[in-house]
Amino acid sequence: MEMAEEANVIIVGAGPAGLAASACLNRLHISNILLEREDCCASLWKKRSYDRLKLHLAKEFCALPYMPFPPNAPRFVPRIQFIQYLENYVSHFQVNPQCNRCVVSAEYDQSRRRWKVVAENSASNTEELYFGKYLVAATGENSEGFIPNLPGLNLFGGDYLHSSEYRNGKAYKGKNVLVVGCGNSGMEIAYDLQKWGAKTSIAVRSPVHILNKNIMWLSMTLLKFQVSIKKVDKIVTRLAKLQYGNLSKYGLPRPKEGPFYLKATTGRSATIDVGCLKNIKKGKVKVYPTIKSVDRSKYIEFDNGDMRKFDAIIFATGYRSTVRKWLKDGGGLFDETGLPMKNTNSWKGENGLYGAGFARQGLFGIAKDARNIAEDIKSDLTSQNQRNN
Ligand SMILES: Cc1cc2nc3c(=O)[nH]c(=O)nc-3n(C[C@H](O)[C@H](O)[C@H](O)COP(=O)(O)OP(=O)(O)OC[C@H]3O[C@@H](n4cnc5c(N)ncnc54)[C@H](O)[C@@H]3O)c2cc1C
Ligand SMILES: NC(=O)C1=CN([C@@H]2O[C@H](COP(=O)(O)OP(=O)(O)OC[C@H]3O[C@@H](n4cnc5c(N)ncnc54)[C@H](OP(=O)(O)O)[C@@H]3O)[C@@H](O)[C@H]2O)C=CC1
Ligand SMILES: O=C(O)C(=O)Cc1c[nH]c2ccccc12
């Protein structure tokens, strides 16, 4: 075990949430160590996203604390420009991510009243020890891709991959490709595949809300001005019906609950259409119900009995949090799935444990979390100093 390092705060994860938390602490001159498993910061955006990806919330809802996007930035910031923004943010606030450090355990030492964090340094193949009075979990709601264990998938005769491994449709021209999932990844990847000349189908399991970016912008603006989720959902659902009509006939029924109620209660985002819906309506992208089984001859059986041959499957079936793989105890904040327990706030736990980026509000929520966490640590340190003096 290498030398131990100590700081007031240990932050795990150097995505937008960890970067923002470190920047807010730096502004308050509170020492912090930022640990990142990959060889770079913002790895989701640099290494686990597809080429055509853009922020689908308007830039005013995506800025990190104390650094708005430049006025000449597009309203919906492309992935490459967002990465540049994050790099500028890192240098402006002198954030210093310790990369190639994968945290494998973090537990609270009651006797010493501090967190003990163990990280594997993949560059030097050593284990490192870190101690901090506070711990910020910033490993993300989308820390690892999820592929369902479908019957026969291990025998499938074609290729299959998770959406986080998809970059573009170049390799699929002329091929039969099935996208599983109609979230934002699934619908945009299906759109991209069709543009690249793939014969594209999408498997849809549950009802889904489909909005466009303008309806989304209006919703976010209303929410920002404290309009209730119930009212926003009523407005949004009506606008979506006016915009898109009845989508059940295309295999895309809407859920009973509103889109923002579902985002707040399940974390599931409404799908913001980037053009795939038009292709579905024109029959250029075929919609199937969910998969029943897969077999070695590349045939896939769907719940409605349809059988179809595919060369590849792209699982746009979402992500999981990995917090509880390294955080031994939920600390009064995280449940066994690595997401905030119900009926707690999403950013503050016990014994100096914090969570940044788990508010189910994406970048919009991250900016609030980072400020709240830094202010809370500052006031805790101040009251301790007053007690000690
Ligand atoms: C394809 C895609 C598009 C998205 N688009 C938007 C959007 O337009 N708008 C929006 O608001 N949100 C969007 N999101 C949500 C996304 O989660 C946020 O934008 C943002 O990336 C969350 O930042 P984060 O720092 O919380 O998590 P992440 O960006 O996931 O970063 C977490 C970091 O922690 C690191 N890490 C994980 N485990 C460990 C460990 N054990 N030790 C050390 N480091 C670790 C990871 O390597 C990663 O760098 C999108 C998500 C996806 C998947
Ligand atoms: N900026 C942008 O443009 C983009 C943003 N994002 C964001 O990234 C996050 C992740 O999005 P995404 O990757 O789409 O994941 P999501 O979790 O949003 O969607 C997963 C989809 O996969 C389906 N699914 C899951 N398991 C199965 C299964 N066993 N069989 C069939 N279908 C299944 C789900 O259906 P069910 O409802 O039945 O569970 C759902 O439709 C979201 O917050 C999203 O907003 C993603 C892409 C682009
Ligand atoms: O795309 C994401 O993952 C986001 O979290 C951004 C987002 C989509 N729908 C929302 C509803 C409320 C706040 C943020 C979002």
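Listed values, structure above:
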item: Single residue of ASP51, ASP39 found to be within 28 Å of GLY275 (Cβ to Cβ), touching a residue at least 60 places away in the same chain (Cβ under 8 Å) and more than 7 Å from ligand 1 (Cβ to nearest atom); result: ASP51
item: Residue match in segment 11-24 (condition: in a strand (DSSP E or B) and either closer than 18 Å to TYR130 by Cβ or without any contact (Cβ under 8 Å) to a residue 40 or more places away in the chain (or both)); result: yes
item: Candidate set: segment 120-160, residues that are under 19 Å from GLY197 (Cα atoms) and within 26 Å of the chain's Cα centre (by Cα); chosen: the one surrounded by the fewest Cβ atoms within 10 Å (Cβ to Cβ); result: ASP159
item: Helices (runs of 4 or more DSSP H) completely within segment 149-258 that count 3 or more residues being closer than 18 Å to GLY318 by Cα and modelled with pLDDT of 95 or more; result: 184-195
item: Set SER111, SER91, SER163: member being farther than 29 Å from GLY362 by Cβ, of a type in the set (Ser, Thr, Tyr) and either without any contact (Cβ under 8 Å) to a residue 60 or more places away in the chain or not assigned by TED's automatic domain parsing to the domain that holds GLU375 (or both); result: SER111
item: Every residue from segment 316-374 that is assigned to a strand (DSSP E or B), over 16 Å from the mean Cα position of the chain (by Cα) and surrounded by 20 or more Cβ atoms within 10 Å (Cβ to Cβ); result: LEU327, PHE334, LEU353, TYR354
item: Test: GLU336 is under 21 Å from SER143 (Cβ atoms), of a type in the set (D, E, K, R) and either in contact with a strand residue (DSSP E or B) (Cβ under 6 Å, 6 or more places away or on another chain) or more than 16 Å from ligand 1 (Cβ to nearest atom) (or both); result: yes
item: Residue within segment 34-55 that is more than 15 Å from ligand 2 (Cβ to nearest atom), at pLDDT 95 or above, surrounded by 20 or more Cβ atoms within 10 Å (Cβ to Cβ) and under 21 Å from ASN372 (Cα atoms) present; result: yes
item: Selection from segment 187-212 of residues that are under 17 Å from TYR244 (Cβ atoms) and near ligand 2 (Cβ under 9 Å from one of its atoms); result: MET187, GLU188, VAL204, PRO207, VAL208
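Every residue, every condition in (1) among the small types (Gly, Ala, Ser); (2) out of contact with any helix residue (DSSP H, G or I) (no Cβ under 8 Å at 6 or more places or on another chain); (3) assigned by TED's automatic domain parsing to the domain that holds THR265, yes or no:
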position: VAL294; (1), (2), (3): no, no, yes
position: SER297; (1), (2), (3): yes, yes, yes
position: PHE302; (1), (2), (3): no, yes, yes
position: ASP311; (1), (2), (3): no, no, yes
position: ASP329; (1), (2), (3): no, yes, no
position: ASN345; (1), (2), (3): no, yes, no
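The values are calculated or read from the model by the stated rules, or taken from the named source; none is laboratory data. Quick caveat, the model's predicted, so the values are computed rather than measured. Methodologically, a virtual Cβ is constructed for each residue, glycine included, from the backbone with ideal geometry; neighbour enumeration extends over all protein chains shown.
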